[in-house]
Structures are given as C-alpha cells and as structure tokens.
1. How big is the equivalent ellipsoid of region B:250-310 along its three axes, where each semi-axis is √(5λ) from the Cα gyration tensor, reported in whole Å from largest to smallest?
2. Using the 10 angstrom Cβ neighbour count as an exposure proxy, how do A:167, B:61 rank, fewest first?
3. Using 7 Å Cα-to-Cβ label points, what is the residue A:39/residue B:72 separation (nm, one decimal)?
4. Return a whole-number percent for the relative contact order of region A:1-129, with Cα pairs under 8 Å and 6 or more residues apart as the contact set.
5. Inside 10 Å of the C-beta atoms of A:102-111, what's the mean count of C-beta atoms belonging to other chains?
6. Based on other C-beta atoms within 10 Å, arrange A:109, B:56 from fewest to most.
7. Which residue, A:101, A:132, A:89, tops the fluctuation ranking in a GNM of chain A built on C-alpha contacts under 10 Å?
8. With no solvent and one point on each alpha carbon, what is the Debye value of log10 I(q)/I(0) for region A:2-208 at q = 0.08, 0.10, 0.14, 0.17 Å⁻¹?
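What follows is calculated from the coordinates using simple rules that are stated; it is not laboratory data. The model shown is predicted, which means the values in this text are computed figures rather than measured ones. FYI the Cβ positions are ideal-geometry reconstructions off the backbone, even for glycines, and counts take in every protein chain you see.
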C-alpha cells in the first residue's frame, strides 16, 4: 500500500514530468510503428506473389524477430548516436516482422478463385491490390498490426537506455533514485499502453471483416 | 466470333508445348466446349483468349479484332469470365460483385443499378432478395448464378467459362446447365467452355473440341462427334455409352413418330430420346405413346441413334 501511495503521491507532485514522458512514449511508438508499417506492408505486397522471395522474406522476418530489442538499440548506438532517431529506427525494426509475415500469409491465403476472377474481369494490378487482395488479407494484416503495436509500445520502454525518452525514463530514474513511486508510475503506464494497443487494434481487426466473413457478423 | 489460329503456348523450361498449333473457330452466337483429360491444354487455351496466359505464338481474333494487339486489361473487360465456384469477391455484396465490370467501364450509378437488377433477373435471382447478400450466405448454385450474372453485366459478346458448374451437386448442375444454355442462346453470346465432363460438353457445346497433349484431335458438332468419334482416343474419351449420350441430345419432337397409339404411360414430347429408351427398358415394351399423339418405337430409336450410317 505504501508503494502505491508513493506512486500516487509522485504523480500528484509531478504531472508535467509524467505527461512529457507519456507523450514522448506515444510519439516514439507511433512514429516507429508507422515507419515499420510503411516498409513492411508494401514489401509484403511486393513479395507475396513470388513464392521463393516470399519464403526468404518470412525467414528474414523470423531472424529480425529473434533479435532482442535491447541488442538492436545497443548496435544502433555507434551508428546513429543517442536520442530519438535511433530509438525510432529500433522500434521500426521491431514492427516490421509481424506486419510483413502476416501481410504475406494473408495475401497468399486469399481465395485464389477470387484473385483469378479479378484478373479475368479486367482489374488493373493496382485495382487488384487495393480492391481485392488487401481487403481479403485485411483480417490477418490487422492481426499483424496488433502484434506490432503491442511489441512497439513495450519495446519503447527501452529507449531510455539510449536517451530516447519515454515512460522508460521514469522506471530507470526510479531505480537510480530508489524512488519506487516514480518507477511504479512508469511501469504501470507502460503496461496500460500495451493493453490499450492490444484492445484498440483488436477492435480494428474484427471491424476489418465485419459482415463478409463466415463468422457471424 | 472467336478465331484461334496456330495458337501455341510453351511454358519456360517445358519440353513439350502445353498447347500446340491449335486452330479453331467458334461462330458468332454459338458455343464450343473444350474437353479432354487433365493436362490436355484446354484451360491454357481458354486462358489465352483473355490473355491470363500469354501465347507463345499464333493469333487470336475476337469479332475480327486482334486480341494480342489490344491492351490486356481492356480486352478482359470486354469478355465475360465465369470460373469454378464462381470466384466471387467474398468482401463484396452480390450487387457489388455483379457491378464489377460496369464500374470498371465507368458507367454512372443509375445505369449500373439498373444493369445489376437486369443481370440478376436474367440468371433467375430475385434482385430484391439477393442484391444485398454476402457470397458466404449463398448456396453453391446461387453463387454460380451470381458468377454468370457478373460475367454478363458488361454485356460482352464473348464469354469464357472454366468448369462453370464443377462445384455444384448433379441435380442443381443439370438445371443450371439448361438455364444457362437457354440464356446464352437467347442472348446470342459466343461462348468457349472448358469442362472435363462429356455430358456437360455435349449439353452446353454446339460444337465439341477434344484435346489431347496440347493438340486438337477433333472438332465437330456434338451429335456428329458422338455418332462418329473418328479417332480411337476420342471414342474412348467420350465413353462406351456415347450412343446413349447422343440420344440424350434429342427429344421426342425431333424423332420419327408412328401414327398408331401404343399402350402404356404417355411421354411428353419434350422427353429426351435417352429417357424414352430408359422408359421402354423399365416397362419392358417396344413402343410407348406420346402425350400429343402417336407413339415412339424402339426400332425408330435404334435407327435414330444407330451410329454414323443413320446419323440424323
């Protein structure tokens, strides 16, 4: 109880510090996620129809996924220095594998008859990608976005180690100053953001196929 | 009219061409069924017509236009395409599926809505009931009908059908075949159909083209090819019961009729000769009456269906 009381007391005394950390955390996460999506989604569309390339891409994504975020951050330090930029790059790298893999699998498991019909009826490649392939892949793509969002929000807590800011700062400062209240505020906020990301993207995922999927609408 | 001249497709790395030097004409307003064992090149041939497969060499003329010189996307919008299981877009309603080509052609909303209604009615689906349904809410036969409506929506002169009724049960298939046949005849469409089913080929095709290993073995009207296969492979492929299959192409109204009445249950004049023969076998009689007068005899059926020397 005293720990929780300490946390509430710290939050009451330092709303500005908390607000800045929270905004930094969100900015880091959203930027990293958007960059990751901007790379992974078109890459997935580009390789999905080429079986060998798709296989290699999935293997590469698996490799990326095994890299610990902290190791990526440390490796980026000599290349990009400290601060916001290397943190965002590391988060983008975290976001790529789930989006890429789910896009490739989503596109490759889309009904081949519908794809054949789309070609045969005279849709252009862009019309097919936007109007048929991506909508059919959407449920899996959104699942990939959800996984990526949760991972990025969690990994953003590590940005503090290379001066990227965010809620991780509260945890490291709390540890250094033996200020358990400050530490707890950071930890709980990180966990809450991850849960929110899970719930929000989960909702998007269900919306993506509302009506047309076999599951009761 | 569809004209294929010297059409050849050799896939990269393949020793044998998938389709070799195929020449075939489907006259305006008629249908031709491409048939043969799997791997014979029938589907490749069909897919070359709308350039889903690019020919290695040869010529394709559609209504006098060189299909290989046209933009592939423009070409496809002018050709109806029906595939197995319908190939409907699962994320679009029935109306949106049917509207695909009219939308691509840039029609205005009112014209598209009217055309969707008309196309659904043509294939026997009540637009009010089906317009807003999702494909997963339809039966296999209904999906197939929507597939045909979608192919007809842009009012193309030429239709390509790839195993169009392969995924529906036999009873539904027979009804769909009859309805679509009448529909395509009344609309005067020129149709190329791929099937592996002899019954379907002779039912839907005014002419039947038998392929084997990428080569055209025989191309003739359905009744003629059944009466005289002209090639041992074609004969085997059409089956030992091809004479029966051929009888199924004609109805009592086509056959000679005796004036004298016969005992037994009368058959309607629309009965196929095959069913008439089956009725005689079942009743153990050599003649049966017809509802609009007279009778049909076993001897007449034998003469009518009795191979090349008696071909009608």
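1. Working: eigenvalues 57, 30, 22 Å².
Values for region B:250-310, descending: 17, 12, 11 Å.
2. Working: A:167 29, B:61 15.
Placing the least packed residue first, the sequence is B:61, A:167.
3. Distance between the two pseudo-spin positions: 3.2 nm.
4. Details: 89 pairs, mean separation 44.2, N = 129.
Once divided by the residue count of region A:1-129, the mean separation gives 34 percent.
5. Numbers: counts 0, 0, 0, 0, 0, 0, 0, 0, 2, 7.
Per residue, the number of nearby Cβ atoms from other chains is 1 on average.
6. A:109, B:56
7. Looking only at A:101, A:132, A:89, the largest GNM fluctuation is found for A:132.
8. -0.34, -0.50, -0.83, -1.07
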